[in-house]
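**Q** Structure incoming, see below.
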Amino acid sequence: MQSSPRSEEWKPDVSRKAIFHGLLLSETLPPAGKTVERLAHDGQMLVQSGTLTTSNALCMAVFHLPDQPDCLRKLRDELFSAISDPSATLLISELQNLPYLGAVVKENFQLEMAGIGAHLSRVVLDETLRYLGRTSDGKENIWVIPPGTPVGMTPYQILTDPDVYVDPFSFVPQRWLQYEPERLERYPVLLNAGTRLKYSFYWPSFSGAGMEVGMLEHLKRAIDGREI
């Protein structure tokens, strides 16, 4: 492959700061978090978590909300009541205070991540876990899991369990507000929750925040009650 005069003249634009500037200039991040290898991993995670997951969740929202006018109306009413100026830029902290918007996001992730077949592993480094269950003949038994042992299961098994999510394949945002929301928060399997984001609110994640802002931008362009 031969270089062209244009490629040789090209230089990256460093006038605009990216997330890596914040990491490298951080006074609280240890040196191990500023290595090229670590930054490469963080960059890969940023791309993976901020693109496909966000776009897939938005696609599900764009499908389910118009399909259920009552849900769309509730979301629009909440947004229009909270946002006096549609052209204003909202902070994530402001979106945190919109309960129905949060419920819609959680429901979208619950439906979206149910399609993941890979195990999400967890490792407790300094604690012995004890699991109470039953053997194949129905007797109770306690399994002891030593520290440092990877454990996990597929999100599909939990997110489609009717004992956890009533009618798990239906789009029901209100389940997060009415149907024992505290109980639902006990199942942190979405987007590798527990390691890089807090399950009870998805705002700290790139995907959650991106979906909130993306959905908001779509709704700002709404024309009537059924159009996003």
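**Q** Could you tell me how many of the residues in the stretch 174-185 are modelled with pLDDT under 80 and outside any loop (DSSP other than H, G, I, E, B)?
**A** 4
**Q** Being at pLDDT 85 or above, closer than 15 Å to Pro173 by Cα and more than 16 Å from the chain's Cα centre (by Cα) narrows it down to one of His64, His41, so name that one.
**A** Result of the check over His64, His41: His64.
**Q** Within the stretch 77-86, how many residues are part of a helix (DSSP H, G or I) and either free of Cβ contacts under 8 Å to residues at least 24 places away in the same chain or over 22 Å from Val172 (Cβ atoms) (or both)?
**A** Final tally of qualifying residues: 5.
**Q** Just to be sure I understand, how many residues within the stretch 139-173 are of a type in the set (Gly, Ala, Ser) and modelled with pLDDT of 85 or more?
**A** 2
**Q** I'd like to verify a number: residues in the stretch 97-138 that are polar (S, T, N, Q) and either touching a strand residue (DSSP E or B) at 6+ places or on another chain (Cβ under 8 Å) or not assigned by TED's automatic domain parsing to the domain that holds Pro168 (or both), how many?
**A** 4
**Q** Quick check, is Arg130 over 30 Å from Glu94 (Cβ atoms), surrounded by fewer than 14 Cβ atoms within 10 Å (Cβ to Cβ), at pLDDT below 85 and not hydrophobic (A, V, I, L, M, F, W, C)?
**A** No, not satisfied.
**Q** For the stretch 75-88, check the following and say yes or no: at least one residue is within 25 Å of Glu182 (Cβ to Cβ), assigned by TED's automatic domain parsing to the domain that holds Pro173, out of contact with any His (no Cβ under 8 Å at 6 or more places or on another chain) and not aliphatic (A, V, I, L, M).
**A** The answer is yes, given that some residue of the stretch 75-88 is within 25 Å of Glu182 (Cβ to Cβ), assigned by TED's automatic domain parsing to the domain that holds Pro173, out of contact with any His (no Cβ under 8 Å at 6 or more places or on another chain) and not aliphatic (A, V, I, L, M).
The values are calculated or read from the model by the stated rules, or taken from the named source; none is laboratory data. If you're wondering where the values come from, they're calculated on a predicted model, not measured in any experiment. Cβ: placed from backbone, ideal geometry, glycine included. Neighbour counts: every protein chain shown.
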